[in-house]
Amino acid sequence: MFTALREMFRDPTGKVMLVWAIGQVLLGTLVYRWLEGWSVVDALYFSVVTLATVGFGDLHPTTDASKLFTVVYIVSGLGVIAAFITELTKHRASTLARLRPHDETSDPADGTASGESAAPTDPDDQA
C-alpha cells in the first residue's frame with residue numbers, strides 16, 4: 001500500500017489526486033472546526049467518516065450553515081475521493097505486476113505453458 005502511495009506521489013496525475021484528497025479532508029476539518037466548534041480530532045474524524053460514506057452518526061452538523069456545507073462537501077468530496085482511490089488502485093496494480101512477473105511461455109488463452117497441451121489427449125482417439 002505504501003509503495004503504491006510513493007509511486008502515486010511520483011506520478012504527476014497521482015500527485016494531483018493525492019493533494020486534492022488531502023486538501024479535501026483538511027478543508028472539511030477546518031470548516032467543521034470553525035462552524036461547529038469541534039476539536040481538530042473530532043472535525044478530522046467527521047470529515048473522513050463523511051467522505052468514506054461510513055456515517056456512524058456519533059457526530060453530526062447542528063447548524064444550518066454546517067448542514068449546507070456538508071451537502072456541498074459530500075457531493076464534491078466523493079468525486080475527489082473516488083478519483084484518488086481509482087488512481088491508487090492503478091498504482092497498486094502496477095506495483096503488483098512488477099513484483100510478480102508473468103511467465104512469458106504461458107498462453108493466457110488456455111492457461112498452459114508452452115509444450116503443454118491445452119486439453120488432455122486420449123490415446124484411443126489417435127488413429
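The values are calculated or read from the model by the stated rules, or taken from the named source; none is laboratory data. Worth saying up front: this structure is predicted, and the values here are computed from it rather than measured. Cβ: placed from backbone, ideal geometry, glycine included. Neighbour counts: every protein chain shown. When the accessible area is computed, the model is the full protein with side chains, heavy atoms only, and any ligands, DNA or RNA have been set aside. Shrake-Rupley method; radii C 1.70, N 1.55, O 1.52, S 1.80 Å.
Brief remarks on what is shown
- Residue within segment 71-85 that is at pLDDT 90 or above and among the hydroxyl-bearing types (Ser, Thr, Tyr) present: yes
- Screening residue 53 against (1) within 29 Å of residue 93 (Cα to Cα); (2) open to solvent by 90 Å² or more (accessible area, probe 1.4 Å); (3) in a helix (DSSP H, G or I) leaves a single unmet condition, (3).
- Residue within segment 61-68 that is under 24 Å from residue 5 (Cα atoms), open to solvent by 60 Å² or more (accessible area, probe 1.4 Å) and polar (S, T, N, Q) present: no
- Cross-chain or 6+ apart pairs with Cβ under 6 Å, segment 76-105 first and open to solvent by less than 90 Å² (accessible area, probe 1.4 Å), then modelled with pLDDT of 85 or more and of a type in the set (S, T, N, Q): 77/24; 80/24
- Within segment 57-70, restricting attention to residues that are modelled with pLDDT of 95 or more and among the hydrophobic types (A, V, I, L, M, F, W, C), the residue that is farthest from the chain's Cα centre (by Cα) is 65.
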